[in-house]
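Colleague: Please find one structure pasted underneath; my questions will follow.
The values are calculated or read from the model by the stated rules, or taken from the named source; none is laboratory data. These numbers were taken from a predicted model, which means no experiment stands behind them. With ideal geometry, Cβ positions are generated from the backbone for all residues, glycine too; neighbour counts draw on all protein chains shown.
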Amino acid sequence: MEISAIKKAIIEKLQGLNEAQLLQVQEVIENFHHQENIEEPQTDYHLDEWDLMPDWQKKRIENAEKSLGNAAGVPHKEVARRVKDKYGF
């Protein structure tokens, strides 16, 4: 997308904001403008979906992986047969 198109899209969005929202946008822009190294965005980080998950969800996934490691899972062919029998697929 060209810079002129980006600017136009931003202006169109700004026109729909109320006064309080415009003041917040102005503050964000001013803070952003005062940052050092504004031309060099940070790209040296990596964020995994795993890092975003809550602890309880991570624990359940880890437990499921352990169960599969212990051959406690149901083989795909068995699951497919059950679905076919139950739903007639």
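Colleague: Mind listing whichever residues of region 14-27 are in a helix (DSSP H, G or I) and surrounded by 10 or more Cβ atoms within 10 Å (Cβ to Cβ)?
Modeller: Scanning region 14-27 gives Leu14, Gln21, Leu22, Leu23, Gln24, Val25, Gln26, Glu27.
Colleague: Let me ask something else about it. Gly88 passes all but one of (1) outside the structural domain of Lys7 (by TED's automatic domain parsing); (2) within 24 Å of the chain's Cα centre (by Cα); (3) at pLDDT below 90; which number fails?
Modeller: Against the list (1) outside the structural domain of Lys7 (by TED's automatic domain parsing); (2) within 24 Å of the chain's Cα centre (by Cα); (3) at pLDDT below 90, Gly88 comes up short only on (2).
Colleague: Here is a follow-up. Output the number of residues of region 39-69 satisfying the condition of being at pLDDT below 80 and assigned to a loop (DSSP other than H, G, I, E, B).
Modeller: Qualifying residue count for the region: 10.
Colleague: Give all pairs with beta carbons closer than 7 Å in which a residue from region 72-89 that is hydrophobic (A, V, I, L, M, F, W, C) meets a residue that is exposed (fewer than 10 other Cβ atoms within 10 Å of the Cβ) and not in a helix (DSSP H, G or I); count only pairs at least 6 apart in sequence or on separate chains.
Modeller: Correct list of pairs: Val83/Phe89.
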